[in-house]
Amino acid sequence: MDSLYGYFGKQLRVSLDSKEILKENIDASILRKYLGGVGYAARVLYDEIPKGINPLLPENKLMFITSPLTTNRIPGGGSIMLCFKSPLTNTWGESRCGGDFGPNLKSAGYDALIIEGKSDHPVFLVIDDDHVFIRSAKHLIGKKITEKIKIIRDELKDPKISVSCIGPAGEKLVKIANVMFEGRAAGRGGVGAVMGSKNLIGVAVKGSHQTPIAQPEKLTETIKTCLKILRENDFATNLKKHGTTGDMAANDAAGDWPTKNWHSNSWGKAEQLYYRFFNKHLVKNHGCYTGCPIACGRISEVREGRFKTPVHEGSEYESLSAFTAFVFNENIEAAIQATYLCNEFGIDTISAGAIIAFTMECYENGILKKEEVGGIDLSWGNPDALPELVQMISLREGIGDMLAEGVKIASEKLGRGSGKYAIHGKGLEAPAHDPRSGKVLGITYGTANRGMCHIHPLEGMAYDSGKMDWGLMKYGVPDPNTIDRWDEKGKGKIVKILQDALILPDILNTCKFFIYCGIYIDHLAELLSAVTGWNIDGQELLKIGERVINLQRLFNMREGFRRDDDLLPERMKKKPAFGFYKNEGRCAIKDFEGMLDEYYKARGWDVKTGIPTKEKLLELELEE
Amino acid sequence: MKIKVKLYTILEKYAKGKVLENNTIILQKDTTIQGLSHYLNIPDNIGIVFLVNDSLQDKEYRLHERDGVKIFSFIGGG
C-alpha cells in the first residue's frame, strides 16, 4: 500500500454497551473520495446508521472527525466536526466547534472517533495516544460545564488536556442540547442529547504524534502565503477587533436581523446594543484554538447587577442576536447572561432564543397563560424572563419540558394555533440572518441538509448583499456586484456552486471565516495537496463538495424528506411589519417554489421530489 | 454643507483624514450619497448600506445640511 500522508489511517470505535474499544484501519480510497470532516462522516454514517432509527436510542452513532488540515499550524485548522442523526430534526446532523480538541484527537493518532451504543452508567472517555480508557462519570451528573471540565482535568491530573462535555441539558436529553468544548460549542441539532442518550458525559483527549506530511516545504510556503493574505485582509482585522458581534449594527441596517420572532428583518436598536456591549462588557478578543491568526472570539463579563456573570467566552453575533432581536429585548446585559447560562447548562443559544421568542408570541396571543409558564411575565422584551426560561428549558422544568423538544414539536404538542409562530426549517430553529436581505439565503435556508442553517454550508446573504464571491467567479459564480440582492431568478444556479464550495471548510475542518478573509478553495487545495501528496485542485474539491452534499441529501431522503420539506415559513417571506424595510416590497420573497425549481435543475435532482437522479449519483460515484 | 458621518467596523479606516472631530465632514451642496462614498474612497465592490437620519437611503439621495449619515458594510455574522 502507498504511504498515506495527512492521515494516520486509523479511527477509534468505542462501543459503550460492551466498553469495547477498537482501533480500526480506514480504507484510504474512501479518504480520497471524501477527504474528512462531514464528508468522511457522511459516508460512514450513511452506511452504518439504519433508516428510521430513533436518534436518542443506542442505534444512533456519534462521530468526532478530523481532516488532513486539522492542525494548529494550518490557518483555520483548529476545529472538530461532530456528525450524527439529529434528534431535533431527524435529518443528517452536523455541528462544528473551533478549538484544540480536533488537533489533539489527530495528534493522538486518530482521524476519527466513532461512539456507538449506550453505557449502562454515566461515563467519560479518555484518549491519550494509544492509551484509551473509560471512567465513571456518576459524580459529574447535574454539574454545569465549567465545573465538569475542572473535575475531569483534576481527576486526570492534567490542566491542559482538551475536554468536551455535555451539560445538565444533554443529560436530560434536551433536544437543543449542545456539546461544549471548554468555552465554545458544537451548538446545533441536539448533538448534546445524542451524547447524553449514550450516557457519555465527556471526552478528554491529548496526543503526541505528528501527522505525516508529504511535502513539508511546500506546506510551509503555502502557509506563509495564507498568513500574508490574512495580515493584509480588512475582514480579518475587523473580526479580531469586533468579532462576529460587530456585525449586529450592519446586519440590522441591511435587513438581515430577524426581529420579534421574524415579524421584521430589522429593528434599529442593534447599534446601541452592540456599542454598549463593546464599550462596557467586552474584556478582550480570543482565539478558539492555539495560534489562530484571526482570534475572533469574545471574552465578556457583566460585572454587576442582576445579570452579573463571571468573565467567560461567549457573546457572539448569533447568541446576542437571539437574546435581543429575536425576543425584542433591549437589555444587553440580560442577553450576555442568557448566553453564558446556555453555555453552562449546555444548550444551543440560537435555538434557545428562538424557542423563547415563540413562547413570548404564544403568550402575547393568549395561547399560553401566565400560570402555564410558571408565573413568568413573558411579555415581549422582558429581560428577566430570559435566565428563567433558559434554566427551565435546560432542566425540563414546567413548560420547559415541552419547549425542550424544539419549536416544531412544542407547537405540535401545544396546538391552539401556535404552529404559525414556530419558525424553523425541518425542525431546526431559524438563525439570526434574514433572506429578506438577500434571497440566496432563502434557497440555502430551505435546502441545507441539517435544517434551517445559515452557515452549514453557506451564509447566502454574504454573496448577494455582502458582495462576497469567495474567489469563486473562476468557477462560474457571477460577479455579485452584477446581482441584485432581491432578484429571485438566477439565484438557484448560483447557490449550487456556492454550496459545493462552502461545504469544503466543513469537509476539511477549517474555520469558514478564513474563506471570508481570502483563503479560498484554491488555497485549501494547495494546502491539502502539500499535506497529502495528492494532486488536488479547486475543481476536484468542488466535485467532492457536491458529492458530500448529495450523500447527506440521500441520508435525508432515506428518512422520508422530500421537496415539501425544503420550505420557508410564510412569515419569513412577507414584507416586514416594521423597521427600515417596512415599505420595501422587493425584500418579500414572492416565488420561492420557482427558485427551488431552478436550484433542483442546477443540482440534477428530480424537480417534483427533490431526490437526486440516478444520473447525478452515477456522475458523483454515489451508486446506491 | 456640514454633515455628520459615522463609518462602522470594516469601514472605520475610511474616516481617517476625511472625517473631522465630532464625526463631521464638509461637503459641497447637493452632494449625493454616491458622491460622499467616492470622497471617502469606499470601494464600489463591497456590499454597503446607508442610513440618513436613521432612514434607509440609496446612493442617489441628495444630502442636506446637518444630515446624519451612517455607513455599514454588511457581510455576515457567523
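The requirement of being surrounded by 14 or more Cβ atoms within 10 Å (Cβ to Cβ), of a type outside the set (Lys, Arg) and either at negative phi or free of Cβ contacts under 8 Å to residues at least 40 places away in the same chain (or both) is satisfied by residue B:23. The residues in segment A:451-481 that are among the hydrophobic types (A, V, I, L, M, F, W, C), more than 19 Å from the chain's Cα centre (by Cα) and more than 10 Å from chain B (Cβ to nearest Cβ) can be counted, and the count is 4. Taking the conditions (1) touching a residue at least 40 places away in the same chain (Cβ under 8 Å); (2) among the aromatic types (Phe, Trp, Tyr); (3) farther than 21 Å from residue A:572 by Cβ in turn, residue A:363 satisfies each one other than (1). The listed residues are A:445, A:363, and the only one of them that is part of a helix (DSSP H, G or I), assigned by TED's automatic domain parsing to the domain that holds residue A:562 and among the aromatic types (Phe, Trp, Tyr) turns out to be A:445.
This table checks each residue for (1) small (Gly, Ala, Ser); (2) at pLDDT 95 or above; (3) more than 24 Å from residue A:556 (Cα to Cα); (4) not in a helix (DSSP H, G or I).
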position	(1), (2), (3), (4)
A:452	no, yes, no, yes
A:466	yes, no, yes, yes
A:471	yes, yes, yes, yes
A:478	no, yes, yes, yes
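For segment A:282-289, indicate whether the set of residues that are among the small types (Gly, Ala, Ser), more than 30 Å from residue A:383 (Cα to Cα) and more than 14 Å from every other protein chain (Cβ to nearest Cβ) is non-empty. Checking segment A:282-289: not a single residue is among the small types (Gly, Ala, Ser), more than 30 Å from residue A:383 (Cα to Cα) and more than 14 Å from every other protein chain (Cβ to nearest Cβ).
Here A:563, A:558, A:547, A:553 are screened, and the one residue that is assigned by TED's automatic domain parsing to the domain that holds residue A:490 and surrounded by fewer than 19 Cβ atoms within 10 Å (Cβ to Cβ) is A:558. Restrict the check to segment A:325-342 and report whether at least one residue is surrounded by fewer than 24 Cβ atoms within 10 Å (Cβ to Cβ), free of Cβ contacts under 8 Å to residues at least 60 places away in the same chain and of a type outside the set (A, V, I, L, M, F, W, C). Looking for residues that are surrounded by fewer than 24 Cβ atoms within 10 Å (Cβ to Cβ), free of Cβ contacts under 8 Å to residues at least 60 places away in the same chain and of a type outside the set (A, V, I, L, M, F, W, C), one finds at least one in segment A:325-342, hence yes.
Restricting attention to segment A:128-140, the residues being assigned to a strand (DSSP E or B) and closer than 25 Å to residue A:57 by Cβ number 4. When segment B:34-49 is limited to residues that are facing another protein chain (nearest Cβ under 8 Å) and hydrophobic (A, V, I, L, M, F, W, C), the one that is farthest from residue A:482 (Cα to Cα) turns out to be B:49. Determine which single condition residue A:155 fails, assuming it passes every other condition in (1) of a type in the set (Asp, Glu); (2) more than 14 Å from chain B (Cβ to nearest Cβ); (3) closer than 17 Å to residue A:319 by Cβ. (3) is the only condition that residue A:155 fails. Taking residues in segment A:441-461 that are closer than 20 Å to residue A:88 by Cα, and partners anywhere that are of a type in the set (Phe, Trp, Tyr), the pairs with Cβ atoms closer than 6 Å and at least 6 places apart or on different chains are A:449/A:92; A:450/A:92; A:452/A:445.
The values are calculated or read from the model by the stated rules, or taken from the named source; none is laboratory data. As the structure is a prediction and not an experimental result, all values here were calculated from the model. Virtual Cβ from ideal backbone geometry, glycine too; neighbours counted across all protein chains shown.
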